[in-house]
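Notes follow the structure.
Bear in mind that the values in this text are calculations on the coordinates, not laboratory data. All figures in this text were calculated on a predicted structure; none of them were measured in a lab. Cβ atoms come from the backbone with ideal geometry, glycine included; neighbour counts cover every protein chain shown.
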């Protein structure tokens, strides 16, 4: 059997080095994944709720997103309607990750069904499914709320 030449071995190491570097670059790119639009939006909602505590709000909301029992029921109804495997309990309102998950499910549902923009979606979080309607009973309150949320959120350009 013929032994490989010095030139062949050097070429082999160059290829292996290039492969290693490309894998390293890919791993670093995965770690620096940009935060998606929903994550930024929910963070803006959390900033507006401003408490980041588990103390109940006057309307009965609990946790970093001030989620009410009705909101939990709505999340479970949407999960069932969309054949999702998730099911939430009222205790999940105090878990920041579960709160974010519920919020994304509920607001994502209404955003797509009513074809809402982000401003109107913030109004829904504050005033319920009809919180975005002009002339709705809660419209003035939800308008100010959404204005505050949007001051901490810039949507991606389409």
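Brief remarks follow.
- Residue order, fewest to most surrounding Cβ atoms within 10 angstrom, among 144, 150, 102: 144, 150, 102
- With Cα atoms as the point set, segment 37-150 shows a radius of gyration and Dmax of 13.0, 36 Å.
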